[in-house]
Amino acid sequence: MFASVDVVSARDTRYKRLVNEQILMHAALAGRLQNERAYSAVELVEALAVFMPSALECKRLKSELQSHRNPFTCGDIDIDVVRLDGRRRFLLSGLPSASALEVAVHYGDNLTVLPTLRTGSYELIYIDPPFNTGYDQQRTRLRTVEDSSGDRVGFAGKRYRTEEIGSSSFADSFDNFMGFLEPRLREAHRLLTDEGALFFHIDYREAHYCKVLLDQIFGRDSFMNEIVWAYDYGARSKKRWSAKHDVIFWYAKNPKQYTFNHQAMDRIPYMAPGLVGAEKAAKGKTPTDVWWHTIVPTAGKERTGYPTQKPLGILRRIIAVHTNPGDRVLDFFAGSGTTAVAAREMGRSATLVDANPEALAVIEQRLEPYGPIMHGWDSPSQPSQQGG
Ligand SMILES: C[S@@+](CC[C@H](N)C(=O)[O-])C[C@H]1O[C@@H](n2cnc3c(N)ncnc32)[C@H](O)[C@@H]1O
C-alpha cells in the first residue's frame, strides 16, 4: 500500500536530519506510534516530542512535516505521504511492536530472587536501596533451594523453593548496611551485560562508604560519574547547611565500551540566556553531573503515595542516555515502580523486585497499562509468599 520510496527531494533529506530511526523506534516501542495509521503533522510531533532534544526541534519538525510531499525512509521505517479528506497525512510502516516488551515483577527478598535471573541479561540496573536513615527495618531472611516442585522458575526452567531462615531486624549501622549491600551488588555485576551500566542512588550519609564498596566490586576504572541530584524542598536547618541532594553513582561494567546516547539528552535552560543568542537559548544546553530536579510534587498526578518515590524525570534521563529501544532494565529495590514506568514509556523492558507488599500493590496498579507479569504475588490482598 505504500508508494515508492525512490523519490527523495532536497526537502526529504533536510527532514531526515530532524527525525531519525532511533526516535521513531523509541516512540513505537513506547506505544506512541503504530504501523498503518495515518497521522497529521501535529499528531506526529506530539508522539515524538518526549524523545526530541528540545521544543525548538519540535517546532522545526512540525514546519518540515507541513511542507513535506514525498514518501521517504528512515532506516527500515517507511513513511508515506497521503491525502485524506483533502488533508496531508503520514502513514508509517516497519515500526517495531510495543508488544515485544515486557514488565516482570517479583515479590520477595532480592537476594533470593536475583540468583534466579540470567547472567548478563540487563543493559541497565538502577537501584535506590533504603538509605540507612537510622530507622530499624524488620526483615525475614530467605534462601533459595533448587527443588523440582518449587514455586519459582529460574534460568533454563530450573525450579526453586524459598526457605525462611529466620527473621532479623535490619540494624541501621554502617557495618550491617555494607554487609547487606555487598552480595546484592555482586549479583548486580553478574546480571549486567558486558556493556551494561549500574546506577546506584544513595544519600549523603552513606555515599562515601558505598563508593568504596562499589569500587571493590566493579573496579575503580569502572566508576564513571558521581551525579548529584539537587532539589529544593522542605525545612531548612539553622545549625548547618541544609542537605538537599542525593548522589547517584554510575558504574560501567566495561569502561571502554558502554552506552552513552549524547543525542538523547534532554536540554535544560541556560542560566543567562541573554548571553548565548536566541537560537541557542531556545534550544537549551545539555545537563552536567549536577541535576536540578524537583522531588515528586506532593499534589501532582505522578505521586503514588509510596514514601520514597523518586521522580520520573530522573529515571527518564538515565534510561534515555544509557539504554537503547528494546533494552532491558532491572530495579531490585523497586518501591513504587518508577523505573519500570519510565522504561516502558521509553520502549524498554523492565524487571522489578521488592520485598514489601505495599510496594507490590502500588506497582501492580501503576503498571497495569503495561500488563505486568507478576511472580510470587497473586493479588494485593493475597500475596503468595512472605517477603522481608
Ligand atoms: C528507597 S525505596 C525505592 C523507591 C523507588 N525508587 C521509587 O521510586 O519508588 C527502597 C525499596 O527497597 C525495598 N527493599 C528493601 N530491602 C529489600 C530487599 N532485601 N529485597 C527487595 N526489596 C527490598 C523496600 O521495600 C523499598 O520499597
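What the table below lists for this structure:
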| quantity | calculated |
| --- | --- |
| Residue list for the stretch 280-333, filter: touching a Gly at 6+ places or on another chain (Cβ under 6 Å), surrounded by fewer than 18 Cβ atoms within 10 Å (Cβ to Cβ) and under 19 Å from Glu364 (Cβ atoms) | Thr308 |
| Residue check, Gly347 small (Gly, Ala, Ser), in contact with a helix residue (DSSP H, G or I) (Cβ under 7 Å, 6 or more places away or on another chain) and farther than 26 Å from Asp203 by Cα | yes |
| Conditions (1) within 13 Å of the ligand (Cβ to nearest atom); (2) of a type in the set (Val, Ile, Thr); (3) assigned to a loop (DSSP other than H, G, I, E, B): number failed by Ile363 | (3) |
| Tally of residues being more than 30 Å from Val212 (Cα to Cα) and free of Cβ contacts under 8 Å to residues at least 40 places away in the same chain across the stretch 237-290 | 15 |
| Meets criteria (at positive phi and at pLDDT 95 or above) for Gly196 | no |
| Spans of helices (runs of 4 or more DSSP H) in the stretch 248-345 with at least 3 residues within 14 Å of the chain's Cα centre (by Cα) and more than 16 Å from the ligand (Cβ to nearest atom) | 312-322 |
| Unmet requirement for Pro96, which otherwise passes all of (1) part of a strand (DSSP E or B); (2) in contact with a Leu (Cβ under 7 Å, 6 or more places away or on another chain) | (1) |
| Selection from the stretch 191-220 of residues that are in contact with a Leu (Cβ under 8 Å, 6 or more places away or on another chain) and of a type outside the set (A, V, I, L, M, F, W, C) | Gly196 |
| Near pairs, Cβ below 9 angstrom, 6+ apart or cross-chain, from the stretch 344-358 (under 10 Å from Asp327 (Cα atoms)) to any residue that is within 14 Å of the ligand (Cβ to nearest atom) and among the acidic types (Asp, Glu) | Ala350/Asp331 |
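Residue-wise test of (1) at pLDDT below 80; (2) more than 16 Å from the ligand (Cβ to nearest atom); (3) assigned to a loop (DSSP other than H, G, I, E, B); (4) not assigned by TED's automatic domain parsing to the domain that holds Thr259.
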position	(1), (2), (3), (4)
Thr119	no, yes, yes, no
Pro129	no, no, yes, no
Asn132	yes, no, yes, no
Ser148	yes, yes, yes, no
Ala156	yes, yes, no, no
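The values are calculated or read from the model by the stated rules, or taken from the named source; none is laboratory data. Everything quoted here is computed from the prediction, not taken from an experiment. Positions of Cβ are generated from backbone atoms using ideal geometry, with glycine treated the same way; all protein chains shown enter the neighbour counts.
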